[in-house]
Amino acid sequence: MSLEIHQLPAFDDNYLYILRDTQSGETAAVDPGDASVILKFLKNHRWPLHKIFITHHHFDHTGGIAALKQKTKAQVFAPKYDEHRISQVDHWLEEGLEVTVGSYKAQVLFLPGHTLGHIAYYFASEKALFSGDVLFAMGCGRLFEGSPAQMYQSLEKIKTLPPETKIYCAHEYTLANGRFALSVDPNNSDLLQRMDIVENLRQKNQPTLPTDLQLELKTNPFLRCHSPDIRKTVGLTTSPEPQVFAEIRKRKDQNYTDPI
Ligand code: FE
Ligand code: ZN
């Protein structure tokens, strides 16, 4: 008896997820940007689809809703903030509400910044977080709608989860994120070591995800705004953490073109 998690690559660098309670057979998709990827996987396994969980309104996360709903009659769950911009939703979600996959419960965390309505799904029993485009391996989502202060607060909230929490991000941005991370944290030995592993995996075209919170705390500059080394590199040794965060995010935007 377990909650199975399957990671499916889609588009250039997205990951879609399928969750399944092996006991009841209840099956859910997280951020199905491309219906065909999900349908093919379900067909191979001869599994139905009961639920769809959406983290935010961007097309690479919502593009498959209509086709999946039509073919599977799955119930769609999405952030209430996005009521005006995601269609075919059956249940609107807010901080503190819960969703289930069979007997497994996920808490909804409200994490604005990348978009103003962004939510994540946290399965406490599995220590698994589906973080959409909030937190990436060694990076964080671009601020399309929110302020640096909002994103900083959202990342602080993730930091309160158990360090062993596995983080299922929606994009394989790890290699580029790591290169940027090294530019602000060049002497971080955990980061240098991680980059060796990541480069190796990417050379073989293998996923670098999921990651876990503990590793991110050691290597993700956006979670390390307290670090004296990073502060020194960006020239903000005494500024409050949200200001350091804003500066790191700005540098990343200037030097690296993050996709969506
Ligand atoms: Fe995305
Ligand atoms: Zn997005």
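The values are calculated or read from the model by the stated rules, or taken from the named source; none is laboratory data. None of the values given here were measured: they were computed from a predicted structure. No Cβ is skipped: glycine too gets one built from the backbone with ideal geometry, and neighbour counts run over all protein chains shown. Each accessible area value is taken on the protein alone, full model and side chains, heavy atoms only, with ligands, DNA and RNA left out. Shrake-Rupley method; radii C 1.70, N 1.55, O 1.52, S 1.80 Å.
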In degrees from 0 to 90, rounded to the nearest 10, what is the angle of the helix 174-184 Cα long axis to the longest principal axis of the chain?
20 degrees
Considering only protein heavy atoms and a probe of 1.4 Å, how much of the accessible area of the chain is carbon and sulfur, as a whole percent?
50 percent
Using only Cα atoms and rounding to the nearest 10 degrees, what angle (0 to 90) does helix 189-203 make with the longest principal axis of the chain?
50 degrees
Degrees between helix 148-159 axis and first principal axis of the chain (Cα, 0 to 90, nearest 10)
70 degrees
Area accessible to solvent at Ser36, 1.4 Å probe radius, in Å²
70 Å²
With each pseudo-label sitting 7 Å past Cα toward Cβ, what's the Leu217-Ala66 distance in nm, one decimal?
4.4 nm
Residue-level accessible surface for Phe41, protein heavy atoms, 1.4 Å, Å²:
30 Å²
Stokes-Einstein, Kirkwood over Cα pairs, the chain, 10 °C, 1.306 mPa s; D in µm²/s equals 85 µm²/s
Averaged per residue, the 1.4 Å probe accessible area of segment 1-134, protein heavy atoms only, in Å², is roughly 41 Å²
Sort Asp190, Asp13 by accessible area with a 1.4 Å probe, largest first.
Asp190, Asp13
How do Ile197, Ile54, Ile5 rank by accessible surface area computed with a 1.4 Å probe, from largest to smallest?
Ile197, Ile5, Ile54
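Just the number please: accessible area per residue for segment 174-255, 1.4 Å probe, all protein chains included, in Å².
Numbers: 4090 Å² over 82 residues.
Normalised by residue count, the accessible surface of segment 174-255 is 50 Å².
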What ranking of Leu182, Leu8 comes out by heavy-atom accessible area, probe 1.4 Å, highest first?
Leu182, Leu8
Taking the full set of protein chains and a 1.4 angstrom probe, give the accessible area of Lys252 in square angstrom, rounded to the nearest 10.
0 Å²
Step through the table entries Lys51/Lys166; Lys40/Lys71; Lys166/Lys218; Lys127/Lys159; Lys43/Lys127, compare each Cα-Cα distance with 19 Å, and write down the pairs that go over it.
Lys51/Lys166; Lys43/Lys127
